[in-house]
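To keep things clear, I will list the structure first and then write my remarks on it.
The values are calculated or read from the model by the stated rules, or taken from the named source; none is laboratory data. Just so it is clear, the structure is predicted and the values come from calculations on it, not from any experiment. Backbone-built Cβ (ideal geometry, glycine too); neighbour counts: all protein chains shown. Side chains are part of the model used for accessible areas, which takes the heavy atoms of the whole protein and leaves out ligands, DNA and RNA. Shrake-Rupley method; radii C 1.70, N 1.55, O 1.52, S 1.80 Å.
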Amino acid sequence: MSENIMRIIDLRGEKLSRAELLAAMPRAEMGTSEAGDLVRPILEDVKARGAAALRDFGEKFDGVRPVNLRVPAEAMSAALSTLDPEVRAAIEESVRRARAVAANQVPKDFYTDLAAGARVAERWVPIQRVGLYVPGGKAVYPSSVIMNAVPAQAAGVESLAIATPPSKGDPDGLPNKTILATCAILGVDEVYAVGGAQAIAMFAYGAKGSEPQDGEVLCDPVDKITGPGNIFVATAKSLVSAFVGIDAVAGPTEIGIIADETANPSLVAADLIGQAEHDELAGSVLFTDSTELADKVQESLNYRVPRTEHAERVRTSLSGKQSAIVLTDGLDQSIDAANAYAAEHLEIQTADAKAVVPRIKNAGAIFRGAYSPVPLGDYMSGSNHVLPTGGTARFAAGLGVHTFMKPVEVIEYDEEGLKAIAARINAFAVSEDLPAHGECVLSRFIDDPYNKETIVEQEEKAGLR
């Protein structure tokens with residue numbers, strides 16, 4: 001009999017506090033302090049030497065020294081012309097669906113009239129320049145190009161730059177051709193063959209050129225950096241976040257599945273494997289009140305894992321401390337545990353999945369029913385797959401049009417509107433020991449707001465009381 005791949009966390013019969021439930025959830029351990037020690041010198045070197053440092057790090061980490069750090073337009077056109085027609089059709093359909101959803105995400109301006117001559121409005125303004133990071137590593141992610149670029153374009157971002165690692169197999173150090181073709185489909189022409197922490201440094205600080213093809217300035221600094229990456233990318237984003245915006249500090253990917261006795265164990269196992277394929281640190285967690293389902297899922301894993309291409313990676317992920325089958329007393333406890341886990345992706349495979357959805361408070365994205373698996377969201381559902389990880393879905397949201405916009409309030413009061421509340425503003429300001437705040441307002445209606453002995457008389461004479 002095969003040994004079970006996934007460990008069991010048994011919550012049955014337990015009455016856990018919120019703190020205890022949060023602590024019971026499986027998590028990957030992240031060596032952030034060690035990564036920080038490695039990343040800081042990279043950031044400083046790129047800040048100081050620009051393109052010269054980027055080429056050195058490309059050679060060191062990616063095994064290739066790019067001739068052109070900024071990818072020539074003809075290279076993207078060539079990549080598109082040689083793209084497999086079926087892959088191109090899939091990418092174009094993914095873009096079409098993502099754009100349809102993004103168009104409806106654009107927030108609307110509004111205003112509120114509080115009294116005569118007293119209006120507060122809110123405008124949504126696109127971020128001016130954004131750097132989009134697309135990882136390389138164990139897989140190629142043209143889907144991440146779509147997930148980053150489409151909402152930014154829908155938001156109206158003026159200037160988009162993409163950084164993605166150079167391909168080790170390309171003699172010129174160009175990125176993966178499918179990624180370049182996707183950029184061409186999307187109409188993004190500022191693309192850099194730069195990966196890792198050095199790409200984040202380039203976006204944050206900008207980079208001066210070091211060779212004639214770079215120009216004097218290779219890359220201008222951006223206002224915000226988005227996109228997933230490994231621990232070094234995440235650490236770099238965290239370190240530069242004091243002066244440039246970031247979407248999030250992403251950890252390893254993860255899936256949570258709430259399933260009951262009606263779920264198909266083979267599908268549950270396949271979905272756990274699908275997420276584990278990403279990374280040895282990827283988390284796969286099943287919440288169920290059915291020991292029979294749990295046993296059958298383990299049996300299916302034993303059958304399926306050896307047959308998938310990346311079996312060793314999958315087994316390491318599923319057997320790690322970040323993955324588990326969580327046994328519960330019932331659906332209520334499964335939901336509570338899932339809300340504590342706050343999965344990046346949460347599948348619901350229960351008898352009445354529709355009724356469960358409103359009870360989910362914490363998840364990056366919810367996949368309802370057996371025919372809404374996570375890879376649907378990865379590629380073609382129209383939703384965004386850049387989502388909060390590591391339990392941050394308790395307070396954070398996935399990437400969307402809102403990520404690339406900022407609300408700006410516009411305050412517009414006329415004389416009548418301000419006059420009606422001027423005395424109250426002054427009283428409020430004085431209570432906070434900020435009298436000049438009140439004097440600023442009163443100066444518009446009385447002659448001497450600094451004469452406190454006559455202030456009430458002056459306010460009455462001016463009709464402020």
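Using only Cα atoms, tell me the angle between helix 231-240 and the longest principal axis of the chain; keep it within 0 to 90° and round to the nearest 10. Here the helix axis deviates by roughly 10 degrees.
Within the chain, which is the longest segment containing none of the chymotrypsin sites (Phe, Trp or Tyr not before Pro) that sit in a DSSP loop and have at most 15 other Cβ atoms within 10 Å? Each step should come with its number before you reach the end.
Working: sites that count: F243, Y371, F395, Y450.
Here the longest run is 1-242.
Fully extending the segment from N302 to F395 would add 29.9 nm, taking 0.36 nm per residue of separation and subtracting the current Cα-Cα distance.
Computed 3J(HN,Hα) for segment 441-452, one whole-Hz value per residue from the Karplus formula 6.51 cos²θ - 1.76 cosθ + 1.60 where θ = phi - 60°, is 6, 5, 4, 7, 10, 10, 7, 9, x, 8, 8, 6, glycine and proline marked x. Relative to the longest principal axis of the Cα atoms of the chain, helix 422-431 runs at roughly 70 degrees.
For a quick check of your reading of the filter: which trypsin sites (Lys or Arg not before Pro) in segment 168-250 sit in a DSSP loop and have no more than 11 other Cβ atoms within 10 Å? It would help to have the intermediate numbers written out before the result.
Values: sites: K168, K177, K208, K224, K237; in loops: K168.
Qualifying residues, ordered by number: K168.
Does segment 325-366 come out rounded, prolate or oblate, given a ≥ b ≥ c as the square roots of the eigenvalues of its C-alpha gyration tensor, rounded meaning a/c under 1.5 and, failing that, prolate meaning a/b above b/c? Oblate, because a/c is 1.5 or more while a/b does not exceed b/c.
Within a Cβ distance under 14 Å of V305, other residues only, what is the Lys/Arg minus Asp/Glu net charge? Don't skip to the answer; put the middle values down first.
Values: positive: R304, R307, R313, R315; negative: E3, D271, E277, E280, E299, E309, E312.
That sum, taken over residues with Cβ under 14 Å, equals -3.
Out of all DSSP beta bridges in the chain, what portion is antiparallel? Express it as a percent rounded to 5.
Of all bridge pairs located within the chain, approximately 35 percent are antiparallel.
Database remark: amide H of T389 closer than 5 angstrom to the amide H of G251 (H placed geometrically; neighbours at sequence offset of 5 or more, or on other chains; Pro and chain starts carry no H).
Rounded to the nearest 10 degrees, the inclination of helix 291-304 to the longest alpha-carbon principal axis of the chain is 60 degrees.
Looking at V268, A155, A343, which one has the Cα that reaches farthest to the positive end of the dipole of the chain (charges on Cβ: Lys, Arg +1; Asp, Glu -1)? Most positive-ward Cα: V268. Sites listed here are GluC sites (Glu not before Pro) in segment 390-443 whose DSSP assignment is loop and whose Cβ has at most 15 other Cβ atoms within 10 Å: E432.
In terms of its C-alpha gyration tensor, segment 165-255 comes out oblate, because a/c is 1.5 or above while a/b does not outweigh b/c.
Taking a ≥ b ≥ c as the square roots of the eigenvalues of the alpha carbon gyration tensor, segment 1-87 is oblate, as a/c is not under 1.5 and a/b does not beat b/c. Taking amide H atoms as placed 1.01 Å from N in the peptide plane, the amide H of A324 lies under 5 Å from those of S284, V285, L286, each 5 or more residues away in sequence or on another chain.
How much of the accessible area of segment 196-276, in percent, comes from carbon and sulfur atoms when a 1.4 Å probe is used? Mind dumping the intermediate values first?
Details: 1430 of 2770 Å².
Taking all protein chains in place, segment 196-276 shows 52 percent carbon and sulfur surface.
Solvent-accessible area per residue in segment 365-465 equals 61 Å², computed with a 1.4 angstrom probe and all protein chains kept.
For segment 168-317, report the accessible area per residue in Å² (1.4 Å probe, heavy atoms, rounded to an integer). Numbers along the way, then the final one.
On the way: 5760 Å² over 150 residues.
Ligands and nucleic acids excluded, the figure is 38 Å² per residue.
222 nm [θ] for the chain, helices only, -39500 (n - 2.57) per DSSP H run of 4+, per residue, to 500? Don't skip to the end; give the middle numbers.
Numbers: 19 runs with 192 residues, N = 465.
Rounded to the nearest 500, it is -12000 deg cm²/dmol.
Other residues lying with their Cβ under 13 Å from the Cβ of V430 contribute a combined charge of -2, Lys and Arg counting +1, Asp and Glu -1. Counting protein heavy atoms only, segment 332-384 has 54 percent of its accessible area on carbon and sulfur, 1.4 angstrom probe.
Rg and Dmax, both from the Cα atoms of the chain and both in Å, are 27.1, 94.
Spatially, segment 137-196 and segment 265-319 are offset by 31 Å when compared through their Cα centroids. Restricting attention to segment 196-297, close to 20% of DSSP beta bridges with both partner residues there are antiparallel.
Quick check: at a probe of 1.4 Å, how many percent of the accessible area of segment 49-139 sits on carbon and sulfur atoms? Carbon with sulfur: 53 percent of the solvent-accessible area. Per residue, the convex hull spanned by the Cα atoms of segment 319-422 measures out at 194 cubic angstrom.
Add +1 for every Lys or Arg and -1 for every Asp or Glu among the other residues with Cβ under 10 Å from the Cβ of A52, and state the total.
Local net charge: -1.
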